[in-house]
Amino acid sequence: MRAVTVTRLDGPSALEVTDTVPRPTINADDEVLVRVHAAGVTFPEVLISRGEYQSRPELPFTLGAEFAGEVVEVGRASRLAVGDRVAGIGPTGAFAEYVVGVDERTLPMPNSVDFVHAAAMPMNLLTADFALHERGRLQSGETVLVHGAAGGLGYASMQIALAMGARVIAVVSSAAKAETVRAAGAHEVLFASDFLEGVIELTGGRGVDVVVDPVGGDRFTDSLRALAKYGRVLVLGFAGRSIPTVKVNRLLLNNISVVGVGWGAATRGDKRMVINQWNRLFPSIEAGLLTPRIDRTLALDRVQEALELIDSRAVQGKVVLTVDPQLVASPA
Ligand SMILES: NC(=O)c1ccc[n+]([C@@H]2O[C@H](COP(=O)([O-])OP(=O)(O)OC[C@H]3O[C@@H](n4cnc5c(N)ncnc54)[C@H](OP(=O)(O)O)[C@@H]3O)[C@@H](O)[C@H]2O)c1
């Protein structure tokens, strides 16, 4: 089958697209085989292609975590049926014509959602839901500041916070990204360069209740300063490439918390977690309230370009690879 293979850890330009990868087979009762129509491209894939991510699969392997398509074979213990439209997430294997999914991470997709949008959902919606519901304990009426709000995870966090009844302040780095997040419903938009002053002004000096931070880096101390009493910073990732440190005296001075959010780690050993999350999100997904922004779709062959776009901070929302040739890629 056609697939994107990693044979050496030299970054996006070293990825290979070939027709010679054997079609995978299901080997356990809780696995399903999915014919992939579209695959979401995630930030960790840039890091994986360079060997810079926490998990390092044995070479060679097929890249790709997120997929959407139809089930073509099911293990005996699966709750799915042949023909089901699904989206799923695994550690690897999604940038291919067929992928083996684990039952509890392969999720039914409403007919109202096409495969391109479905492929862009699992990682960011599930992570943002876990972050805001479980780790952030966000309440309706609270104020949330979202860093990297035009990025994949930031955009999903913004949508979930809005759906939970929060006031959302989006932080971005350009006027084009500001327009994007405003169109998505952000109540206020600030630029990353001076967001703290903006927060003080917009909240009358009170600060925000929750900061969603998938970026890290230099802005972290200002994120702590931007918190109201009992506020929480949710540490989600380090797209800015540097991991900040915290002077813990800041935490007691204003009764604030720094909360780690590792969705993948939380799901390990918990077979119900993702299914329960999906059941909670499904009505909003079906109603179109949680819809990823698709920056563009590219044919599978253009995987290098897809990863380079993410690496260069140029994507607003998600890039999706089309695997089924009947799905038209855009721009051509
Ligand atoms: N904790 C978890 O469970 C979990 C799950 C999924 C992803 N993540 C992590 O979350 C992070 C963001 O993922 P994502 O999918 O949202 O990525 P993304 O779509 O590329 O968005 C990242 C955003 O970060 C901002 N940014 C600031 N400095 C940057 C830099 N030097 N390079 C690139 N972006 C920069 C950009 O916004 P501006 O240009 O507006 O500043 C960009 O929109 C990654 O570190 C990823 O590994 C964590």
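Summary of values
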quantity: Count - residues of the stretch 124-150 that are within 9 Å of the chain's Cα centre (by Cα), near the ligand (Cβ under 10 Å from one of its atoms) and crowded, with 24+ Cβ neighbours inside 10 Å; calculated: 3
quantity: Residues of the stretch 238-259 that turn out to be surrounded by 12 or more Cβ atoms within 10 Å (Cβ to Cβ) and within 16 Å of the ligand (Cβ to nearest atom), as a count; calculated: 6
quantity: Subset of the stretch 196-234 that is in contact with a His (Cβ under 8 Å, 6 or more places away or on another chain) and not hydroxyl-bearing (Ser, Thr, Tyr) - its residue that is surrounded by the most Cβ atoms within 10 Å (Cβ to Cβ); calculated: Val212
quantity: So Gly69, is it open to solvent by less than 20 Å² (accessible area, probe 1.4 Å), within 16 Å of the ligand (Cβ to nearest atom) and out of contact with any Gly (no Cβ under 6 Å at 6 or more places or on another chain); calculated: no
quantity: Which listed residue is touching a residue at least 24 places away in the same chain (Cβ under 8 Å) and touching a Gly at 6+ places or on another chain (Cβ under 6 Å), from Ser257, Ser223, Ser284, Ser242; calculated: Ser242
quantity: So Gly69, is it in contact with a strand residue (DSSP E or B) (Cβ under 7 Å, 6 or more places away or on another chain), assigned to a loop (DSSP other than H, G, I, E, B) and within 14 Å of Val323 (Cα to Cα); calculated: no
quantity: Residues satisfying the stated conditions in the stretch 310-327, i.e. more than 9 Å from the ligand (Cβ to nearest atom) and not in a loop (DSSP other than H, G, I, E, B); calculated: Val320, Leu321, Thr322
quantity: Test: residue in the stretch 216-235 that is among the basic types (Lys, Arg) and within 19 Å of the chain's Cα centre (by Cα); calculated: no
quantity: Residue among Val181, Val168, Val100 that alone is at pLDDT 95 or above, touching a His at 6+ places or on another chain (Cβ under 6 Å) and not in a loop (DSSP other than H, G, I, E, B); calculated: Val168
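The values are calculated or read from the model by the stated rules, or taken from the named source; none is laboratory data. Everything numeric here is computed off the predicted structure, so don't read it as measured data. Backbone-built Cβ (ideal geometry, glycine too); neighbour counts: all protein chains shown. The protein model used for the area step is the full one, side chains on, heavy atoms only, and it has no ligands, DNA or RNA in it. Shrake-Rupley method; radii C 1.70, N 1.55, O 1.52, S 1.80 Å.
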